[in-house]
Amino acid sequence: MSATLRYRGNKNNLIEIAKTLDAFKKVPEKYTETTEIGGTLSLISRLLIVFLIYKEIQYYQDANLKYEFVPDTETEKVQMHVDITVAMPCGSLSGVDLMDETQQDVFAYGTLQRQDVWWKMDIEAREEFERQQHLNHFLREQYHSVADVLFKDVIKSHEVTSQPEKEHRGHGLPDEKYDACRLHGTLGIHKVAGVLHMVGGAMPVVDMIGDHLMIGFRRLPSNFTHRINRLSFGQYSKRLIQPLEGDETFVADESTRVQYFLNIVPTEIHTAFSTINTYQYSVTENIRVLDGDGSSYGSPGIYFKYDWSALKIIVRTDRENIINFTIRLCSIISGIIVISGILNFILVSVQKKLLSIFAPQLLHIRLKESPENTPLAKPHLFKEAVAPPTQLVVSNDLITNANIMATKVEAIIPALNKTNEQ
């Protein structure tokens, strides 16, 4: 069995005890005086409080950014998002592989999906691509000027996705053959130097050299004109600059080698409630036409050579914690209330002083109309005014009798003094 305690006293006493412990006792309304100055100052102070609280919240949200550079010690795989359209059919692309310094199998990183599309884009898609292209070119040129704005936008929006949005298939006639190949997907790569290459196809050819048969390979016609829709690493966000997104390169000679050298920098963005792990990169382009006489080495194609920075950038807002922010808001509110009360006291005192000098009759009327002089504000005065007159008479008789007795005592005192002298 469990025993319970029950209070058997009067519960009203508990309420009275709680009332006596109230540290925020209210002044009865009948003892307060309202004035035009007080009402005006109250309205101004409340508007000022609302304005300052709004500005403080806005300043708290739009705090400055703080950048830190620390060694990157993480070794897990990183997602590489690819969406590239090459202006030749998928059958003409023989090799789309990724290799790095670990020398693992090319299929260990995942594969890119091939999708036959038309190279020509419809009007809406073309306008969207050109808009993205102009925006990325502008951001690349003005990156150091707008970096803070972009990072703040990422922190406020929290808009990150594991994979970018898919693009459409382009535009062409229903009976027209596809003339382009879209390569898209996500690869899991190591944090070591590597290369993603896309080369043209070749078909075997048998030649007769003397009495011997020689099997060789002849390159198929290739067109390495390409459009980069997506090329990013880690968590994807539209508000981060990806230098190659929106890039379109036209290649006239099929013996052209297009190389992109990427330097990837890990970036960690701290928001109010989460952390975004993404990557930025800088890029250098090199387009070179290979000579047919063998003086130039290499194979035609598109190559993305990447390497990693040893330092990681940590981006966080340089703002105080929420407790200090709340204390500052409370101090603003209380400070305005106290200052408005002091101003109200000073202005009312000056007003009464001026009225006593230049308009005493008006001051007398206002004093009569004040709450402290009204019968409702002082009910005990009203009771004294309607008290029975007999009580006043009794009090007057007692005073009169006391005065008469005091006069008689003063007359007796000189006679007593003469008797003592004799």
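Quick check on His197: is it modelled with pLDDT under 60 and not hydroxyl-bearing (Ser, Thr, Tyr)? Lay out the reasoning, then the answer.
On the way: modelled with pLDDT under 60: no; not hydroxyl-bearing (Ser, Thr, Tyr): yes.
It is false that His197 is modelled with pLDDT under 60 and not hydroxyl-bearing (Ser, Thr, Tyr).
The number of residues in region 243-256 being farther than 24 Å from Lys120 by Cβ and either touching a Cys at 6+ places or on another chain (Cβ under 6 Å) or surrounded by 20 or more Cβ atoms within 10 Å (Cβ to Cβ) (or both) comes to 1.
The sole residue among Thr271, Thr267 that is modelled with pLDDT under 80, over 25 Å from Met198 (Cβ atoms) and surrounded by 14 or more Cβ atoms within 10 Å (Cβ to Cβ) is Thr271.
Exactly one residue among Leu329, Leu343 is outside any loop (DSSP other than H, G, I, E, B), open to solvent by 70 Å² or more (accessible area, probe 1.4 Å) and modelled with pLDDT of 85 or more, and that residue is Leu343. Among the residues that make up region 257-264, is at least one of them over 21 Å from Thr75 (Cα atoms), surrounded by fewer than 19 Cβ atoms within 10 Å (Cβ to Cβ), modelled with pLDDT under 90 and not β-branched (Val, Ile, Thr)? No - not one qualifying residue is present in region 257-264. In region 102-121, the qualifying residues are those that are modelled with pLDDT of 85 or more and of a type in the set (D, E, K, R), and the one that is most open to solvent (accessible area, probe 1.4 Å) is Lys120.
Mind listing just one residue for me: the one in region 310-321 that is outside any strand (DSSP E or B) and touching a Phe, Trp or Tyr at 6+ places or on another chain (Cβ under 9 Å) and, of those, farthest from Leu231 (Cα to Cα)? Lay out the reasoning, then the answer.
Narrowing region 310-321 to residues outside any strand (DSSP E or B): 310, 318-321.
If we keep only those that are touching a Phe, Trp or Tyr at 6+ places or on another chain (Cβ under 9 Å) too, we end up with 319-320.
On the way: Arg319: 33, Glu320: 36 Å.
That would be Glu320.
Within region 276-326, being of a type in the set (A, V, I, L, M, F, W, C), surrounded by fewer than 15 Cβ atoms within 10 Å (Cβ to Cβ) and over 21 Å from Gln61 (Cβ atoms) holds for Ile287, Val289, Ala310, Leu311.
The values are calculated or read from the model by the stated rules, or taken from the named source; none is laboratory data. This structure is a prediction, so every number in the text was calculated from the model and none was measured. Heads up, the Cβs are rebuilt from the backbone with ideal geometry, glycines too, and the neighbour counts pull from every protein chain shown. These accessible areas exclude ligands, DNA and RNA; they are computed on the full protein's heavy atoms, side chains included. Shrake-Rupley method; radii C 1.70, N 1.55, O 1.52, S 1.80 Å.
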